[in-house]
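The values are calculated or read from the model by the stated rules, or taken from the named source; none is laboratory data. All of these numbers come straight from a predicted model, not from anything done at the bench. Ideal geometry is used to build each Cβ from the backbone, glycine not excepted, and the neighbour counts take in all protein chains shown.
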């Protein structure tokens, strides 16, 4: 979509009350005119973040810059730079399944940091979704090796002892279900529980 197209995009829509729920017009109005985040739209209208992100792509609705004043959730600068340009670099040390995770978390507007190393702990987790959800992406071959199994057990124990919640996603699960569905079924319910506790 060109800049010229973007500038006139909003003027082409009919914002009447008859605009269809979840239509292109409706989603544009919520995201751009009302400046809601995908998280806010999801919570208010009971639509999954993954479905909203998919609709944004389908309708070619441009996303707000991650570091703009309108974006309310923090993100890792390193991954964001690659993600926004559409040139995520596999030579930076990310595996393909790690990149799939970071892309999906960015699409869903989740507040995360990749390659997270907690203070006072020498090991690195694949991601943290703030404030306390650690995520590990396990390749089927490497994480079946004896040394990896020991390392993984240590990381699980440390997370438990330090009041973090750890979600492990396996390579074969991503192949079977897709990273988006796994985030929706395993991570989003944990985030909702965190939000409920914040207001209890």
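Does any residue in the stretch 35-57 that is farther than 14 Å from residue 110 by Cβ come within less than 7 Å, Cβ to Cβ, of a residue that is at pLDDT below 80 six or more places away or on a different chain, and which pairs are these?
Close Cβ pairs (under 7 Å, with a partner that is at pLDDT below 80) amount to 35/70; 56/63.
Which fully enclosed strands (runs of 3 or more DSSP E) of the stretch 77-192 have 2 or more residues being outside the structural domain of residue 51 (by TED's automatic domain parsing), at pLDDT 90 or above and surrounded by 20 or more Cβ atoms within 10 Å (Cβ to Cβ)?
125-129, 133-138
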